[in-house]
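Accompanying notes for the structure given below.
The values are calculated or read from the model by the stated rules, or taken from the named source; none is laboratory data. This structure is a prediction, so every number in the text was calculated from the model and none was measured. Positions of Cβ are backbone-derived with ideal geometry, glycine not excepted, and every protein chain shown enters the neighbour counts. Quick note on the areas: whole protein, heavy atoms, side chains included, nothing else; ligands and nucleic acids left out. Shrake-Rupley method; radii C 1.70, N 1.55, O 1.52, S 1.80 Å.
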Amino acid sequence: MTKFSRSSVFLSWALLYLVSGCVVKNTINSSSTLNAAISQDQNLAITPPMGWNSWNAFGKNVNEQVIRETADAMVSSAMTQVGFSYIVIDDIWQGGRDSSTGLLYADAKKFPSGMKALADYVHSKGLKFGIYSDAGTKTCGEMPGSFGYEKKDAKLFADWGVDFLKYDYCFCPDYVSANNDYKMAISRYKAMGDALKATGRPILFSICEWGPRSPWLWGKEVGGHMWRTSYDVADIWDKPRNETSPVGILTSIDVMTNLGRFSGPGGWNDPDMLVVGLNNTGFIKGGGCNDIEYRTQMSMWCMFSAPLMLGCDIRNMNEVTKTIILNKDIIDIDQDSLGKQGYRVMSKDGLEAWKKPLTGNRIAIALFNRNSSNKTITASWKDLELEPGKGYSIFDVWKHSSVGQEDATLSADLQPHECQVFVLSAKKNK
Ligand code: GAL
């Protein structure tokens, strides 16, 4: 069981009762109150947001040229055709905060044309423009944070033409420890959520609190459209959680395991960015993953209905990376309008089956091998909680073809860390 297993979710609810203000308290008793308390524009994230973020590949070296070329590449690589639309500038774009006006400004060496012109360029490509700030006094990269300047910063971002704000949680004034400041986190995120809403510009609000204060419980109420469930995912398959340090893909999968009921149209659990295609280059290095592991990350993120924020240098993707991130069949699972997060139905000896209900009475099944050796997995209809006698037709989303399987089991030969994904459609509806 992971640190944020079912029991800790219940513990979180209990803690919220004790420590939270009205925002959360009012949402606990009934779903109608919950709906009434939601203060964001859900239409901004009816399906999980898809885009690119500068942090993993460029970190503090992000600049205007990178952003312009990345916008060009998002269009020319056909990423837009499969649904990618946001270009998000992460931390260390800032030059400072003007002491007389209190306005944030961009680093003029990195962004000589300024943010408004850059946003216009991104928009001219048919894309959306995102930026980053922090709920504390400083960002994680020690740039000026938005604490106390929420309204001013939200207005500035809206004036620039920002469509997406990633909002981090470093340097928050009365940070004491990971488990005792829910109330402060809620009020800080609500301050920015309200400020964004007050601008009148639709701005998608991406909460980056990493998970310790269970943002899946209050993210929507403070105006959020997605909330990180995990610390940063490094470019590595398996690296356990160690306080605030980055984790591997596997840990981020495990953190998501029991959070499905908190995610859906309008507000999504976010297990962090895709490390697909980094190949141990860029700003965030972790040792790298092999192509099977990258494909598994894409598969599982789609099974989770996770936001698909790519972190590699999309100007220079190799063919394997393109095959992974441009697979419309797997992206369709992520973007399915039912918006259900997949859940594990079978787990034995490191072999797992995950199930995600889709529209049209279809079901996505992922068969996954955690072991470091080749294995064959066979899951029965009972294991998969499927009705017998439906005559399912089965489509392999990585091979892009129908597969013949017995109408009672689904099996796959899996390499180490491999995940194969199938869409089952019932031929008979009885
Ligand atoms: C971390 C965040 C990363 C990145 C970084 C920038 O807190 O999780 O995704 O935004 O800050 O400093």
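Below is a table of values for the structure above.
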{"item": "Gyration tensor verdict on the chain (Cα atoms; rounded if a/c is under 1.5, prolate if a/b is larger than b/c, oblate otherwise)", "result": "prolate"}
{"item": "Part-to-part distance (alpha-carbon centres) for the range 89-105 and the range 338-405, which is given in Å", "result": "48"}
{"item": "Bins of 10 Å from zero: percent of alpha-carbon pairs in the range 151-309", "result": "11, 37, 34, 17, 1"}
{"item": "Value of D in µm² per second that Stokes-Einstein yields for the range 341-430, Kirkwood Rh from Cα pairs, at 25 °C (0.890 mPa s)", "result": "187"}
{"item": "Mean-position separation - Cα centroids, the range 150-220 and the range 277-298, in angstrom", "result": "29"}
{"item": "Dipole magnitude of the range 327-430, debye to nearest 20 (Cβ charges: Lys/Arg +1, Asp/Glu -1, about Cα centre)", "result": "280"}
{"item": "Helix 182-198 axis, angle to the chain major axis (alpha carbon atoms, nearest 10°)", "result": "70"}
{"item": "Leu338 long-range amide H proximity, modeled H, under 5 Å", "result": "Thr359"}
{"item": "Per residue solvent-accessible surface (Å²) - the chain, probe of 1.4 Å", "result": "39"}
{"item": "Highest-MSF residue in the chain out of Lys190, Lys109, Lys138 [GNM, Cα springs under 10 Å]", "result": "Lys109"}
{"item": "With Cα atoms, 0 to 90° folded angle of helix 64-76 axis to the chain main axis", "result": "30"}
{"item": "Charge dipole of the range 13-334 about the Cα centre (unit charges at C-beta), most positive-ward option of Ser214, Ile67, Gln297", "result": "Ser214"}
{"item": "The range 52-130, dipole about Cα centre (Lys/Arg Cβ +1, Asp/Glu Cβ -1), debye to the nearest 20", "result": "40"}
{"item": "Rounded percent of accessible protein surface that carbon and sulfur make up, the range 216-312, 1.4 Å probe", "result": "50"}
{"item": "DSSP bridge orientation in the range 13-334 - percent antiparallel, rounded to nearest 5", "result": "15"}
{"item": "Rounded percent of accessible protein surface that carbon and sulfur make up, the range 343-426, 1.4 Å probe", "result": "46"}
{"item": "Between 0 and 90°, nearest 10: helix 150-160 axis offset from the chain longest Cα axis", "result": "80"}
{"item": "Zone residues, the range 385-411, relative to Lys427, backbone N less than 18 Å from point 7 Å out along Cα-to-Cβ", "result": "387-396, 401-411"}
{"item": "Total charge dipole magnitude, the chain, about the Cα centre, Cβ charges on Lys, Arg, Asp, Glu only, Debye to nearest 20", "result": "840"}
{"item": "Choice from Lys151, Lys125, Lys348 with maximal GNM fluctuation in the chain (Cα, 10 Å cutoff)", "result": "Lys348"}
{"item": "Over the chain: helical MRE at 222 nm, DSSP H runs n ≥ 4 each giving -39500 (n - 2.57), nearest 500", "result": "-8000 deg cm²/dmol"}
{"item": "Local electrostatic count at His417 - Lys and Arg +1, Asp and Glu -1, tallied over other residues with Cβ under 9 Å", "result": "-2"}
{"item": "Sequence-distant residues sharing a close amide H with Met273 (under 5 Å, placed H)", "result": "Val233"}
